[in-house]
Amino acid sequence: MNNYKGLLVLKLVVFDLDGTLVTAEIDFLAMRRAIRDLFVNQGFPAELLPMNSTQDLLRSAFAYAHDQGMAIIEISRLRDQAYELAMKEEWKGARKAKVVPGTLETLEELQRRHVEVAVLTNDNSQVADYLLVKFGLLKYVSLVISRDEAPHMKPATDGLEMILQHFKTTPEESIFIGDSTIDMLTASKLGMKCIGRISKVRTAEELLAEGALAVFPTLTDLIPYLDKRNLIPPP
């Protein structure tokens, strides 16, 4: 039985989508500005709305709304409007996206080796499905969990837990591949190992600092890396 850095032979590989399987073309700064303006125009203090990540911005906005005693129906309305603004930028990015080199070959090989593949993304489900169909990836993916299916987005572990439960597998038999420190953090919370895909989102150094076992500029090197460490069934 293999035990490389606590990993057993893999039954499941979980991929992020934007920046991992397809290129990251979403203008996150424009997305955050639009969402922050939405809340500021409703009287929320701008200084309480961080711009470092969309997740932190939304978390802070809704915490403030609850603290101020805002009605649940009003919070729900603002949440829907914020997600509509996010989806607008996601669609812009999706139309510009390209498949990351090595993606198709890697997914084909994992399928041939009988390793399950899932996608965990903070994208809207419509955008995620569009990208997977556009590039012919959906036939290799057994389960897709977007922000619509998971109670909370990454770095919350809800979606990852749903995937593990679906496949009846453990973190030790699974690995997460992503391009952001949020991906690395999500995996580490469950004790799951992760590998970084270097994109415009984070540098190799940042991904390694957050616990990535290795980092690659494309997915071409993923199967050889796993094979060398006997982490997937042999061909």
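Exactly one condition in (1) of a type outside the set (Val, Ile, Thr); (2) within 30 Å of THR220 (Cβ to Cβ); (3) under 21 Å from the mean Cα position of the chain (by Cα); (4) assigned to a helix (DSSP H, G or I) is false for GLU109; which is it?
It is condition (3) that GLU109 fails.
Name every residue in region 127-136 that is surrounded by fewer than 20 Cβ atoms within 10 Å (Cβ to Cβ) and either under 14 Å from the mean Cα position of the chain (by Cα) or under 23 Å from PHE167 (Cα atoms) (or both), in order of residue number.
Within region 127-136, ASP129, VAL133, GLY136 qualify.
Pairs only if they're at least six apart or on different chains, beta carbon under 7 angstrom, first in region 41-53 and free of Cβ contacts under 8 Å to residues at least 60 places away in the same chain, second among the aliphatic types (A, V, I, L, M) and open to solvent by less than 80 Å² (accessible area, probe 1.4 Å); list them, first residue then second.
Close Cβ pairs satisfying both conditions: GLN42/LEU78; PHE44/ALA61; ALA46/VAL40; LEU49/LEU57; LEU49/ALA61; PRO50/LEU57; MET51/LEU57.
Take LYS139 and decide whether it is under 20 Å from SER180 (Cα atoms), at pLDDT 95 or above and either charged (D, E, K, R) or open to solvent by 50 Å² or more (accessible area, probe 1.4 Å) (or both). Let's see the steps before the verdict.
Working: under 20 Å from SER180 (Cα atoms): no; at pLDDT 95 or above: yes; either charged (D, E, K, R) or open to solvent by 50 Å² or more (accessible area, probe 1.4 Å) (or both): yes.
Criteria not met by LYS139.
Each row is one residue, and each column tells you yes or no for (1) free of Cβ contacts under 8 Å to residues at least 40 places away in the same chain; (2) open to solvent by 10 Å² or more (accessible area, probe 1.4 Å); (3) among the aromatic types (Phe, Trp, Tyr).
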position: LYS5; (1), (2), (3): no, yes, no
position: LEU8; (1), (2), (3): no, yes, no
position: LEU17; (1), (2), (3): no, no, no
position: ALA30; (1), (2), (3): no, yes, no
position: SER76; (1), (2), (3): yes, yes, no
position: LYS88; (1), (2), (3): no, yes, no
position: LYS96; (1), (2), (3): no, yes, no
position: LEU110; (1), (2), (3): no, no, no
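Please determine, by comparing only the residues of region 222-235 that are aliphatic (A, V, I, L, M) and not in a loop (DSSP other than H, G, I, E, B), which one is nearest to the chain's Cα centre (by Cα).
LEU222
Against the conditions (1) closer than 30 Å to LEU226 by Cβ; (2) surrounded by 14 or more Cβ atoms within 10 Å (Cβ to Cβ), where does LEU49 fall short? Just the number, please.
(1)
From the list LEU219, LEU213, pick out the single residue that is in a loop (DSSP other than H, G, I, E, B), touching a strand residue (DSSP E or B) at 6+ places or on another chain (Cβ under 6 Å) and under 21 Å from LEU10 (Cα atoms).
Going through LEU219, LEU213 in turn, just one is in a loop (DSSP other than H, G, I, E, B), touching a strand residue (DSSP E or B) at 6+ places or on another chain (Cβ under 6 Å) and under 21 Å from LEU10 (Cα atoms): LEU213.
Kindly indicate whether MET184 is aliphatic (A, V, I, L, M), buried (at least 16 other Cβ atoms within 10 Å of the Cβ) and farther than 20 Å from ILE26 by Cβ. Lay out the reasoning, then the answer.
On the way: aliphatic (A, V, I, L, M): yes; buried (at least 16 other Cβ atoms within 10 Å of the Cβ): yes; farther than 20 Å from ILE26 by Cβ: no.
So MET184 does not fit the description; no.
Could you tell me which numbered condition THR106 fails, if it satisfies all but one of (1) open to solvent by less than 60 Å² (accessible area, probe 1.4 Å); (2) at pLDDT 95 or above; (3) in contact with an Asp or Glu (Cβ under 8 Å, 6 or more places away or on another chain)?
That leaves (3) as the condition not met.
The values are calculated or read from the model by the stated rules, or taken from the named source; none is laboratory data. Just so you know, these numbers come straight off a predicted model, no measurement behind them. Here Cβ is always computed from backbone atoms with ideal geometry, including for glycine, and neighbour counts include all displayed protein chains. When the accessible area is computed, the model is the full protein with side chains, heavy atoms only, and any ligands, DNA or RNA have been set aside. Shrake-Rupley method; radii C 1.70, N 1.55, O 1.52, S 1.80 Å.
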